Amino acid sequence: MPPYRYSALGLVLFLAWQAPPAGVPPGAAYYVSLAGEDRNPGTADQPWRHLEWAMTRPFLRGGDTIHILGGTYRPEPGTAAGREVQTDDALLRPVASGEAGRPITVMAEPGEAVVLSGRRLATTWQPGEGSVYYYDYETPATFPYDHPFQVVEDGKLLFRVSALDALDAPGRTFVDTAARRIYVRTSDGAPPSGHFLEYAVVVSGIEFRGVSGWRLTGFALTGFRSVGILIANGAGQIEADQMDISYIGAHRPGADPTNGYAVAVYDTSGGNRFHDSRFHNTFAEAVHVGQTGAGGDVWERNEIRDAGGPEWFRQDHPGLYLTGPGLILRGSRVTVRNNRFLGNGYHGLILESDLLGEEGPAQPSENVIEGNVFSRNAGNGIYADGKNGAAPSRDNVLRFNLLCRNNQARPGSLADAELRLTGNFRGTRIYNNTVYADKSNGVLLAAAGAVPQATRLVNNIVVHAARGSGTRPLLVTGGAAGLEMDANDWYRIDPGVVIDWEGTKYDSLEAFASRTGLERRGFSIDPQFIAIENNLFGLRASSPLLGRGLPVVEESGERRPFRRRQLPVDLGAYPYRP
């Protein structure tokens, strides 16, 4: 890419845009380095030592920037870490707030790798019996934990066993909490000195509680028990980009599979934005968005993958049940756009009322889920369930998404689909999605205490490639009330039932349309994808679905016309581009 060129006027305008508003002093710059000292002034030549010290300075203001020099920043006990609350369970909790349009920025220096870790190093190992080695760990009062909950070799979790005699294979670890001792057999059987071994001790990484106006960019968080980044107690306007958050959760016998989130958002004043980041290898869902709060959050262009994967298996968690969805969304007015949900241990995205009601009224509404890829997740691509909503969840929009090859863990299940909508939903609009189901139903509308009502399905492509199973391109077991369905392509590769409508089975779309009056402009034909084997689900120039869709009138919670162009609307998530 050639360098940008500015005219004299353009340069003046650019510098004016970069500068703070008139009368507002420029923000201060502070620096953190592993070679610094917290008693320093935090300047470039005299940096601070600890990130938790830097981010908890009460004098920080909007427009300030904290620059982090390269390295791994680990928890340290006692006053050396500059911790004012010595028994806190979070590594750091900011107390200052930024301003609208002028956040407090925390950034890795360009070109330098920065990691904020909840783990400590284990270096002085002693030989035990055979190829077993042990390390005596300390339990500092600074971080109140009962015992290490992750033991890590070269960045990967060792298999956690519950007794010393179960260390009968390489790559295993046992923690004797009474003796405060970690036992390991390394993955290659070699002494621990040939590996990089760590153990995790901190509950959460960064907790934003009641503060606002922060931006995090360019660094990694890893090795915390409960959450990497928490937004709660009315906090809001938190932005994170180019972040990498991984290995959050308790890898130990008896660990609670409902904790271990890269990011969790609860009672928020809204305006949070997470984009261009990676959230992966967490114990529970990678991202959890609770029901309370003002909404308006945006999750955009993130990679959300490998939650609940095999590295978390233990003796009491041998992978016999599904854990680790990509994102649980229980909030309202949230946009989830252009993300990739890949290989998670449960559903790719769950849009649901709260199961037990502990997060407040259960009616996630006016959410927009658009332009995402959901592929090779263990459960459904999108699982929308208003199972016990105190009131209907209204006006959610699912559009321009690709859902392909999900339900890897339970192929052939009649209760699953690439896209499942069930329970107390009203006015859900599902249009211009592409669905490729090779192990499940394509789309499922089902009853679960309540039934979805006034659902609109338009311009979707649903290809059913699950040969030899009892699944369908469309299965409706409840939710037909007020259903609007037209201009969709329901294509089954092998002969069989195309639509199962509350027990009535239709082998042809013509018979279904004649009986129900729906899908009069629908299709049941090969959409002619570019190359399924290469995951290219755009339409070929010869596709019979080009220009055969309907203009969409309703948008997210707004009554405004879709841009009606001269060109007709294609079906599916990927319009034809000559």
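When +1 charges are put on Lys and Arg Cβ atoms and -1 charges on Asp and Glu Cβ atoms, the dipole computed for the chain relative to its Cα centre reaches about 1520 debye. Quick one: of the DSSP bridges fully inside region 149-253, what percent are antiparallel, nearest 5? For region 149-253, the DSSP antiparallel bridge percentage is about 35.
With contacts taken as Cα pairs under 8 Å and at least 6 residues apart, the chain reaches a relative contact order of 7 percent.
Work through the residues other than Tyr135 whose Cβ is under 14 Å from its Cβ and net out their charges, Lys, Arg +1 and Asp, Glu -1. Summing Lys and Arg as +1 and Asp and Glu as -1 gives 0. If I fit a long axis through the Cα atoms of helix 8-18 and take the longest principal axis of the Cα atoms of the chain, what angle between them do I get, 0 to 90°, rounded to 10? It works out to around 70 degrees. Starting from the Cα gyration tensor of the chain, take the square roots of the eigenvalues, sort them a ≥ b ≥ c, and report rounded, prolate or oblate (rounded when a/c is under 1.5, otherwise prolate if a/b is larger than b/c, else oblate). Since a/c reaches 1.5 but b/c is at least a/b, the shape of the chain is classed as oblate.
Rolling a 1.4 Å probe over the heavy atoms of the protein chains gives the chain an accessible area of 41 Å² per residue.
Put Val161, Val569 in order of accessible area, highest first, and with a 1.4 Å probe you get Val569, Val161. The fraction of accessible area contributed by carbon and sulfur in the chain is 52 percent, rounded to a whole number (1.4 Å probe; ligands and nucleic acids excluded). If you take the square roots of the eigenvalues of the alpha-carbon gyration tensor of region 397-476 and sort them as a ≥ b ≥ c, do you get rounded (a/c under 1.5), prolate (a/b over b/c) or oblate? Oblate is the answer for region 397-476, as a/c is 1.5 or above yet b/c matches or exceeds a/b. Heavy-atom accessible area, probed at 1.4 angstrom with all protein chains present, ranks Trp490, Trp125 as Trp125, Trp490, highest first. Bridge orientation summary for the chain: considering DSSP beta bridges with both residues in this region, about 20 percent are antiparallel. Short-range pairs are left out: with C-alpha atoms under 8 Å and at least six residues apart, the relative contact order of region 410-481 is 39 percent.
The values are calculated or read from the model by the stated rules, or taken from the named source; none is laboratory data. Computed from a predicted model, the values in this text were never measured in an experiment. When we count neighbours, we look across all protein chains shown, and the Cβ atoms used for this are built from the backbone with ideal geometry, even at glycine. Keep in mind that these areas ignore ligands, DNA and RNA; they rest on the heavy atoms of the full protein, side chains included. Shrake-Rupley method; radii C 1.70, N 1.55, O 1.52, S 1.80 Å.
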